[in-house]
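What follows is one structure encoded as structure tokens, with my remarks underneath.
The values are calculated or read from the model by the stated rules, or taken from the named source; none is laboratory data. All values reported here derive from a predicted model rather than from experimental measurement. Cβ placement follows ideal geometry from the backbone for every residue including glycine, while neighbour counts extend to all protein chains displayed.
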Protein chains: 2
Amino acid sequence: MSKKDLKKEENEEVVPQEDIQVEEAINEPTELELAQAKADDFEDKYLRMAAEMQNIQRRSNEERQTLQRYRSQDLAKKILPSIDNLERALAIDEMDESVRKGIEMVQESLTRALSEEGVEEISSDGTFDPNFHMAVQTVPADDEHPAETIVQVLQKGYKLHERVLRPSMVVVAQ
Amino acid sequence: MSKKDLKKEENEEVVPQEDIQVEEAINEPTELELAQAKADDFEDKYLRMAAEMQNIQRRSNEERQTLQRYRSQDLAKKILPSIDNLERALAIDEMDESVRKGIEMVQESLTRALSEEGVEEISSDGTFDPNFHMAVQTVPADDEHPAETIVQVLQKGYKLHERVLRPSMVVVAQ
């Protein structure tokens, strides 16, 4: 046995040179495979972005509609105490008739302005609803006022569309 | 000359069969070229859409900011006549002191609410500016009131940030 043959036997596990080359050829992507992978990659990115853009546009539309719908919320809230004051003034009996007319006109004008922007008085006759009413006082229920019904409104509540600007302050039978 | 040769001569313009095949091979894109074209196409679409999305987001932000900035415009405009009426009432001399106090309170409260939303009275002392003032009357200019200056304000004007809600109605010297 020559020295060379001996060495060969010692290295029986070694993969023949030719096979290595074949394996490398399999692992190394071809130009075509690279191009296809790039095409797939950008197609995927494109489709994801198209979907994302649709979402962004939808959200942006929804947000704009909400902003539009509730745009008067802050100013409306700040005007409510003025309407309260005007109504309190109108409750005074001994007032000059022309002054009363003037105050009524302003009160109606403010209420109409709010109504045109979607602000409505909260209905407070009937059953107490914690979503719209705040019970600031309770009285014992009787035949005329069963439990959980509103006996008296101390301050009107208002809502803008379905959003409560402030609840009505009520006396509830219990 | 054989019949076949004659036919050949008649059809001199005909491209040799071999050349046609070469040309077809050139026109027909290879699988690699198709993949590369597809990759380029989607890369282009992806980049365009990315740019478009940035534009949409920028525009949407600008639009949201504008909506937010001028959200109180409509309600504010509708409240101005009420403030006019309250101010007119306060100009009446013979009014009960408690009623006057009440009207003053409402007038101040409404003006403060508007101011918190960015509504300000238009300054009307000094030079007439058609962007902010409407001349409803003119008087001859004199030493005290040079031409183009405001002599009197008949109705206050208001602006929301830099937008005029309504101009002030003024008397101008001419």
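Going by the conditions given, is residue B:116 exposed (fewer than 13 other Cβ atoms within 10 Å of the Cβ), acidic (Asp, Glu), under 30 Å from residue B:65 (Cβ atoms) and in contact with a helix residue (DSSP H, G or I) (Cβ under 9 Å, 6 or more places away or on another chain)? When the stated conditions are applied, residue B:116 passes them.
Tell me which residues, restricted to region B:158-174, are in contact (Cβ under 8 Å) with a residue 60 or more places away in the chain and within 12 Å of residue B:124 (Cα to Cα).
Step one: list which residues in region B:158-174 are in contact (Cβ under 8 Å) with a residue 60 or more places away in the chain, which gives B:158, B:160-161, B:163, B:165-166.
Scanning region B:158-174 gives a single hit, B:158.
Each row is one residue, and each column tells you yes or no for (1) more than 10 Å from chain B (Cβ to nearest Cβ); (2) out of contact with any helix residue (DSSP H, G or I) (no Cβ under 9 Å at 6 or more places or on another chain).
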{"position": "A:102", "(1), (2)": "no, no"}
{"position": "A:110", "(1), (2)": "no, no"}
{"position": "A:120", "(1), (2)": "yes, no"}
{"position": "A:124", "(1), (2)": "yes, yes"}
{"position": "A:127", "(1), (2)": "yes, yes"}
{"position": "A:132", "(1), (2)": "yes, yes"}
{"position": "A:139", "(1), (2)": "yes, yes"}
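Strands (runs of 3 or more DSSP E) fully within region B:116-155 that include at least 1 residues being of a type in the set (D, E, K, R): B:119-121. Does residue B:122 meet the test of being farther than 22 Å from residue A:104 by Cα, of a type outside the set (Gly, Ala, Ser), surrounded by 16 or more Cβ atoms within 10 Å (Cβ to Cβ) and touching a residue at least 12 places away in the same chain (Cβ under 8 Å)? Considered against the rule, which asks whether it is farther than 22 Å from residue A:104 by Cα, of a type outside the set (Gly, Ala, Ser), surrounded by 16 or more Cβ atoms within 10 Å (Cβ to Cβ) and touching a residue at least 12 places away in the same chain (Cβ under 8 Å), residue B:122 comes out as yes. Screening B:61, B:85 for residues that are in a helix (DSSP H, G or I) and assigned by TED's automatic domain parsing to the domain that holds residue B:156 leaves exactly one candidate, B:85.
Within region B:134-149, is even one residue aliphatic (A, V, I, L, M), under 30 Å from residue A:97 (Cα atoms) and surrounded by 14 or more Cβ atoms within 10 Å (Cβ to Cβ)? No: region B:134-149 contains no residue that is aliphatic (A, V, I, L, M), under 30 Å from residue A:97 (Cα atoms) and surrounded by 14 or more Cβ atoms within 10 Å (Cβ to Cβ).
Scanning region B:67-81 for residues that are under 17 Å from residue A:80 (Cα atoms), facing another protein chain (nearest Cβ under 7 Å) and not in a loop (DSSP other than H, G, I, E, B) yields B:74, B:75, B:76, B:78, B:79, B:81. Screening residue B:52 against (1) in contact with a strand residue (DSSP E or B) (Cβ under 6 Å, 6 or more places away or on another chain); (2) loosely packed, with under 15 Cβ neighbours inside 10 Å leaves a single unmet condition, (1).
Regarding region B:105-115, can at least one residue be identified that is within 24 Å of residue A:115 (Cα to Cα) and within 24 Å of the chain's Cα centre (by Cα)?
Going through region B:105-115, the residues within 24 Å of residue A:115 (Cα to Cα) turn out to be B:105-115.
If we keep only those that are within 24 Å of the chain's Cα centre (by Cα) too, we end up with B:114-115.
Scanning region B:105-115 turns up at least one residue that is within 24 Å of residue A:115 (Cα to Cα) and within 24 Å of the chain's Cα centre (by Cα).
Being in contact with a Ser or Thr (Cβ under 7 Å, 6 or more places away or on another chain) and either surrounded by 11 or more Cβ atoms within 10 Å (Cβ to Cβ) or in a loop (DSSP other than H, G, I, E, B) (or both) is a property that residue A:29 lacks. At pLDDT 90 or above, more than 26 Å from residue B:62 (Cα to Cα), at the interface with chain B (Cβ under 7 Å from one of its Cβ atoms) and surrounded by 15 or more Cβ atoms within 10 Å (Cβ to Cβ): is that true of residue A:89 in this structure? It is false that residue A:89 is at pLDDT 90 or above, more than 26 Å from residue B:62 (Cα to Cα), at the interface with chain B (Cβ under 7 Å from one of its Cβ atoms) and surrounded by 15 or more Cβ atoms within 10 Å (Cβ to Cβ). Of the numbered conditions (1) within 9 Å of chain B (Cβ to nearest Cβ); (2) more than 28 Å from the chain's Cα centre (by Cα); (3) within 17 Å of residue A:157 (Cα to Cα), residue A:84 fails exactly one; give the number of that condition. Unmet for residue A:84, out of (1) within 9 Å of chain B (Cβ to nearest Cβ); (2) more than 28 Å from the chain's Cα centre (by Cα); (3) within 17 Å of residue A:157 (Cα to Cα): (1).
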